[in-house]
Amino acid sequence: MRFLLARLNSPVAKRWAALLGFGVLLLFVLNPELLSGILLVDMIGIDVFVLLLVIQFRQHWAAFDTWVLHPLCSRIRSLFTGH
């Protein structure tokens, strides 16, 4: 544990932590909508948030499959079968 603590207190680690903190602060200043997203995740929990994202991804994929992939594959299949 002392080894890890010594590494975290090194000047390089402090410099990286300051750079990371500045980047996060800059991100929130440039895009304040992220703060509401983080507060939403904090309120409902990360597991529910991931579940909602997966459900939405599956719905988008089903629509993409229905309206783009299936007609495209049907046309390609008809080229090779001659129908």
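Based on what the data block shows, is Leu69 open to solvent by 80 Å² or more (accessible area, probe 1.4 Å) and hydrophobic (A, V, I, L, M, F, W, C)? I'd like the intermediate steps shown before the answer.
On the way: open to solvent by 80 Å² or more (accessible area, probe 1.4 Å): no; hydrophobic (A, V, I, L, M, F, W, C): yes.
In short, no.
What residue, of Leu34, Leu51, Leu19, is without any contact (Cβ under 8 Å) to a residue 40 or more places away in the chain, touching a Phe, Trp or Tyr at 6+ places or on another chain (Cβ under 8 Å) and among the aliphatic types (A, V, I, L, M)?
Working: Leu51 fails: touching a Phe, Trp or Tyr at 6+ places or on another chain (Cβ under 8 Å); Leu19 fails: touching a Phe, Trp or Tyr at 6+ places or on another chain (Cβ under 8 Å).
Going through Leu34, Leu51, Leu19 in turn, just one is without any contact (Cβ under 8 Å) to a residue 40 or more places away in the chain, touching a Phe, Trp or Tyr at 6+ places or on another chain (Cβ under 8 Å) and among the aliphatic types (A, V, I, L, M): Leu34.
Suppose we filter Phe28, Phe57, Phe49 for residues that are aromatic (Phe, Trp, Tyr), part of a helix (DSSP H, G or I) and either in contact with a Lys or Arg (Cβ under 9 Å, 6 or more places away or on another chain) or at pLDDT 95 or above (or both); which single one remains? First the steps, then the outcome.
Values: Phe28 fails: either in contact with a Lys or Arg (Cβ under 9 Å, 6 or more places away or on another chain) or at pLDDT 95 or above (or both); Phe49 fails: either in contact with a Lys or Arg (Cβ under 9 Å, 6 or more places away or on another chain) or at pLDDT 95 or above (or both).
The conditions single out Phe57.
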Search result, residues across segment 4-23 that are open to solvent by 70 Å² or more (accessible area, probe 1.4 Å) and in a helix (DSSP H, G or I): Leu4, Leu5, Arg7, Leu8, Pro11, Val12, Lys14, Arg15, Trp16, Leu19, Leu20, Phe22
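The values are calculated or read from the model by the stated rules, or taken from the named source; none is laboratory data. Note that the structure is a prediction, hence the values are computed from the model and not measured. Backbone-built Cβ (ideal geometry, glycine too); neighbour counts: all protein chains shown. Quick note on the areas: whole protein, heavy atoms, side chains included, nothing else; ligands and nucleic acids left out. Shrake-Rupley method; radii C 1.70, N 1.55, O 1.52, S 1.80 Å.
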